[in-house]
Structure formats: structure tokens, C-alpha cells
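The values are calculated or read from the model by the stated rules, or taken from the named source; none is laboratory data. As the structure is a computational prediction, the values presented were derived from the model and not from experiment. Glycine also receives a Cβ, built like all others from the backbone with ideal geometry; neighbour counts cover every protein chain displayed. Accessible surface is based on the protein model in full, side chains and every heavy atom, while ligands, DNA and RNA are left aside. Shrake-Rupley method; radii C 1.70, N 1.55, O 1.52, S 1.80 Å.
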Amino acid sequence: MHITTLTPPSGEPLSLADAKAFARVGSDHDDALMRQLIAAARARVETETGLALVTQSLRLTLQDWPIGILEQGVMRLPRRPAQGLTAVRLTDGVEATLITDQFQLTPGLSPQLKPQSGLAWPWPHSVHQWIEIDWVAGFGAAETVPEDLLHAVKRIVAFGIEHQGSRDWRAHEALTTELDEWLQPWREVRI
């Protein structure tokens, strides 16, 4: 399973001005670093929660459908919330068979992909073929990102400014503990 970003977010969930205000940075000489920290903080929050904060287009590449898919009848998309399904295809990298119309996606924080009623899961025809699923994920624009997730991004950015070049493992451990508390409600529990 591999996730590729087809269309990145058009912007970050945190503006440079808001990041500077939160980190209490008054000068402009670290603006490039601040922008990098904002992008890195968003990526960290997304990775730790399985969320897409701002709207983006993603592609999931699978060699085969996950184990247990026939029993479960649905597949959970790994990045949420899902806004909509763009394409499902079987491909060998040269030729592709579009099979989007055979699927339906339940959007939201628990996105579920399943075959249309009465249809079976279409399997790759050879070992040289794989499955690609394209979808749009994210909460929407920057102003629609939930406040606790935005706060986690702010804390990571402020930490990066405060501890530039620091190897203080206790400070890093404290940030990790704090982030765990902020992000725990957003982590998806799978049984």
C-alpha cells in the first residue's frame, strides 16, 4: 500500500502571520524557516492521525485488495475525511481499465469504499497489474480545520522555533506527550 499526493493542498492550515504570532516571532528574517515548519507540522499531524487537514487529491496504490475485504465488504481509505471518489482503476502502468462506476464511497471521517450493490471486488488480471484509487480528502479550506488540530500544528511550529538545533531529548519527549493528548481523539482505532 502506497499513498501519493496527486494535488497538494492549495495552502497550509496555518498562515505565516498566525504562526509568527503564536511563536512570538516579530521579525521577518525567519519567514522561510517558518513556512517550512508549518508544512512539516501539517505533515506530522496528518501522518500521526491519518487525516488530511486541507483539501488534497490522493492516490492509493495496492498490489491486491487487503486481506479480509470479502468478509468485511468494505475498505477503509487510509486518509480521511474523504470528500469524494475520483477514480478506481486496474493498471499495469501502460494500460488502465477504469472501474470507478463499480464502486461507491461513503465520505466523511470513516470513509468506506465498497462495490456497488450486487457487484464483486474486481481483482487484478495478472501479477503485473495493480489497483489505483484516487480520492479527494481533507476538511476543506484552512478555516475549516478543527481548532485542536490547528493548535497541534501551532505547537510544533513554535517548538521548532524555540528549539532550533537543540538535541534536548526531554523537550522533544514533552512535545510528543503534549501532541499525543491533542491528537488522540483524532486517531482512528481499528480492531
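Summing +1 for each Lys or Arg and -1 for each Asp or Glu among the other residues whose beta-carbon sits under 12 angstrom from that of F159 gives -1. Compared with the direct C-alpha span, the chain from L98 to L6 gains 31.4 nm at full extension, assuming 0.36 nm per residue.
Compute the Cα gyration tensor for region 19-63, then decide on rounded, prolate or oblate, letting a ≥ b ≥ c be the square roots of its eigenvalues: rounded whenever a/c is under 1.5, prolate when a/b is larger than b/c in the other cases, and oblate in all that remain. Judged from the Cα gyration tensor, region 19-63 comes out prolate (a/c at least 1.5, a/b above b/c). Summarising the amide proton neighbourhood of V54: residues at separation of 5 or more, or on other chains, whose placed amide H is nearer than 5 Å comprise F139. Distance between the modelled labels on L33 and W65, one decimal in nanometres: 5.1 nm (7 Å Cα→Cβ projection). Assuming a ≥ b ≥ c are the square roots of the Cα gyration tensor eigenvalues, decide whether the chain counts as rounded (a/c under 1.5), prolate (otherwise, with a/b larger than b/c) or oblate. Because a/c hits 1.5 or more and a/b exceeds b/c, the chain counts as prolate. The heavy atoms of S10 offer some 130 square angstrom of accessible surface to a 1.4 angstrom probe.
At full extension, A174 and R187 could sit 2.8 nm farther apart than now, given 0.36 nm per residue minus the alpha carbon distance.
Trypsin sites (Lys or Arg not before Pro), restricted to region 133-170: which are DSSP loop and have at most 11 other Cβ atoms within 10 Å?
Numbers: sites: K154, R155, R167, R170; in loops: R167.
Hits after loop and neighbour filter: R167.
Accessible area of W123 (1.4 Å probe, protein heavy atoms only, ligands and nucleic acids ignored): about 100 Å².
In the neighborhood of H125, defined by Cβ-to-Cβ distances under 15 Å, what is the net charge if each Lys or Arg adds +1 and each Asp or Glu adds -1?
Values: positive: R89; negative: D64, D92, E95, E132.
Residues near H125 contribute -3 overall.
Accessible area per residue was computed with a 1.4 Å probe on protein heavy atoms; E132 scores about 30 Å².
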